[in-house]
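Student: First, the structure itself, so that you have it in front of you.
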Amino acid sequence: MTTEVTDTTTQISETRIAQFVGHQPAIEALAELVQMFRHLPKPYITLTRSTAQLGLQLDSPSEFEQWRTALQIAPDTVDALSSETDAWLGADGVFRGVTVRLTGFGLVLPQEQTETTQASDEAVAA
């Protein structure tokens, strides 16, 4: 009888490394973004599982606009998106052959604008 010893740590590491090989273009593009645009606001960064795509998520429309300009994404490709409780900007660009999904949160919904204005008016009246 023979016994085979398998090092599961090596197998797991090789499997995880293989998962990142498809992300190499996105990781290289990210490294270059960091070098070129270190002066811009720091985004929350995502990598998608299925494609070599980067996601850059920003906290405000002004931060979004700084990155949109830097990545030379045309203003007419920006979408304003919303759910029942949130609104954000979204646009796709390409950097070094990699799709970059830019998202800017912090848009004020029309209802929130009305509520904020009413609260300000009430505070001034008081």
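The values are calculated or read from the model by the stated rules, or taken from the named source; none is laboratory data. Only a predicted model underlies this, so the values are computations on that prediction, with no experimental measurement involved. Backbone-built Cβ (ideal geometry, glycine too); neighbour counts: all protein chains shown. The accessibility values were calculated without ligands, DNA or RNA, using every heavy atom of the protein model including side chains. Shrake-Rupley method; radii C 1.70, N 1.55, O 1.52, S 1.80 Å.
Student: What whole-number value in Å² describes the accessible area per residue of the stretch 70-111 for a 1.4 Å probe? Don't skip to the answer; put the middle values down first.
Tutor: Values: 2480 Å² over 42 residues.
Here the per-residue accessible area is 59 Å².
Student: What residues from the stretch 40-59 fall in the zone where the backbone N is under 17 Å from a label point 7 Å along the Cα-to-C-beta line of T77?
Tutor: So the set is 52-57.
Student: Taking 0.36 nm per residue of separation and subtracting the Cα-Cα distance, what length does fully extending S60 through E84 add? Intermediate results must be reported in sequence, preceding the final value.
Tutor: Details: separation 24, 0.36 × 24 = 8.64 nm, distance 1.84 nm.
Gain on extension, S60 to E84, equals 6.8 nm.
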